[in-house]
Amino acid sequence: MERALRRRGRLRYRFQVRRCDGEPGGVHRNPVAHRSSDHRGVPTVIRVPVVIVGGGPSGLMVSHLLARTGIDSVVVERRARAEIYATGRAGILEAGSVRLLVDSGVSDRVLREGDRHEGIELRFGGRSHRIDFADLVGQSVWLYPQTEVFEDLANRRAADGGAVYYGASDVEVTPGDDGARVRFLDADGVEQLVHADFVVGADGSRSESRRLVPESDRDWRRHEYPFAWFGVLTQAPRSADELIYADSDHGFALISQRSETVQRMYFQCDPSERPEDWDDDRIWATLRERVKGNGFELREGPIIEKTVLPFRSAVHAPMRYGRLLLAGDSAHTVPPTGAKGLNLALHDAELLAEALAAQLAGDDRALDAYPERALERVWKAQHFSYWMTTMLHRAPGASPFENARRRGELEAVVSSRHGRAFLAEAYTGWA
Ligand code: PHB
């Protein structure tokens, strides 16, 4: 229809300056087509090669990497920018994710403000065992929360004039044989219509985009766990300089950090727990019990945030369905134990941007290879996250045999250089 209108000279392209995210610096230039006056009342049509549904790290990274190769995109995100920033998420970046952020010009803030970690501790039987990444595999990770990665990407897109519509509503995606259409109301309630060659579904674990793949063509591989994490933010000094993953007779706990004065901690709980049923004393008693031993002192303070995080492993196939391409959590979910979710999302984004650029440059087969390349790492990360999770958590009702076997597994890992190196290589990201 649009092509026909353009042939008849009723559509023309122009560059338009428009505010799109309600933020300072949210002005961007993007190529749009608009209809002539005999079509007043019909929404403006924005034409771009790629439209991206979802403005979290994977969507913004695809948009950023495409822009670096001169390809325009429009990002449509349902949440307001401030809401995304306020959602606390995990904080470990693999070495390759840091390289991608720095080398692609998103920001080098991670190197200045992130904390480089050269190891973690596995703690069980009241004793800690260090996994020395630097010694074992010559790599490290950075503690740099996902919210900061989002902020860096959002700032970079805004500074580069990227079209990012936060706070969009009534988003309707129609991938067709000859292109994709996305219709939505922007944050001001104005209807927008984007026509693109491809649509990227990067709209997170509750993805609407993946539902565009007909049920009969979907392959959804899932694993549920009989526990969850209770996560807290606390105003307390650091208890340790590195992350501690602890197994105890009472269940799992993780001691992580955010800054000198704010710490992040988690403990295994039943998925039905409600944060409001836990006061500070009960939380600290639970955490203390799970990390005690060998003189370790947990440093406590007021708890400023409490959440229960569900656990799930899932992979959605296909990651490509015609002109629809899925990336990040919309295509796969991992439990947080291996800290792989954000890293996989950034890795997908890198592969997808490369494949889209090649396809748009005329390589007809470039996108065919994307799912296979992405899924190779996704399944490695699925295995690693599942392994760390099952090795470190006590399933409710587990037999004495099973709990003793898990201890044997932990011993086998920490007492062998090969075992530690396997963990180190996966945790830092298969460089
Ligand atoms: C965090 O700091 O939030 C964090 C770190 C490591 C994990 C999960 C969460 O495995």
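So here's what we get for this one:
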| item | result |
| --- | --- |
| Tally of residues being of a type in the set (Ser, Thr, Tyr) and over 23 Å from Thr261 (Cβ atoms) across the range 282-335 | 4 |
| Residues (out of contact with any strand residue (DSSP E or B) (no Cβ under 6 Å at 6 or more places or on another chain) and of a type in the set (Asp, Glu)) located in the range 95-141 | Asp103, Asp108, Glu113, Glu118, Asp135 |
| Positions within the range 240-266 being more than 23 Å from Thr87 (Cβ to Cβ), in a loop (DSSP other than H, G, I, E, B) and within 12 Å of the ligand (Cβ to nearest atom), in sequence order | Glu242 |
| The range 66-102, residues that are within 16 Å of the ligand (Cβ to nearest atom) and on the phi > 0 side of the Ramachandran plot | none |
| Given (1) over 25 Å from the mean Cα position of the chain (by Cα); (2) open to solvent by 50 Å² or more (accessible area, probe 1.4 Å), number of the condition Ser248 does not satisfy | (2) |
| Set Ala154, Ala158, Ala180: member being in a strand (DSSP E or B) and either on the phi < 0 side of the Ramachandran plot or within 16 Å of the ligand (Cβ to nearest atom) (or both) | Ala180 |
| Test: residue in the range 283-293 that is more than 30 Å from Ala366 (Cα to Cα), of a type in the set (Gly, Ala, Ser) and within 16 Å of the ligand (Cβ to nearest atom) | no |
| Candidate set from the range 115-128 (those that are assigned to a strand (DSSP E or B) and open to solvent by less than 30 Å² (accessible area, probe 1.4 Å)); member that is farthest from the ligand (Cβ to nearest atom) | Phe124 |
| Which listed residue is free of Cβ contacts under 8 Å to residues at least 24 places away in the same chain, among the basic types (Lys, Arg) and open to solvent by 70 Å² or more (accessible area, probe 1.4 Å), from Arg299, Arg274, Arg282 | Arg282 |
| The range 332-352 - residue that is more than 16 Å from the ligand (Cβ to nearest atom) and among the charged types (D, E, K, R) and, of those, nearest to Gly105 (Cα to Cα) | Glu350 |
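The values are calculated or read from the model by the stated rules, or taken from the named source; none is laboratory data. Just so you know, these numbers come straight off a predicted model, no measurement behind them. Reconstructed Cβ throughout: ideal geometry from the backbone, glycine too, with neighbour counts over all protein chains shown. Ligands, DNA and RNA are excluded from the accessible area calculation, which covers all protein heavy atoms including side chains. Shrake-Rupley method; radii C 1.70, N 1.55, O 1.52, S 1.80 Å.
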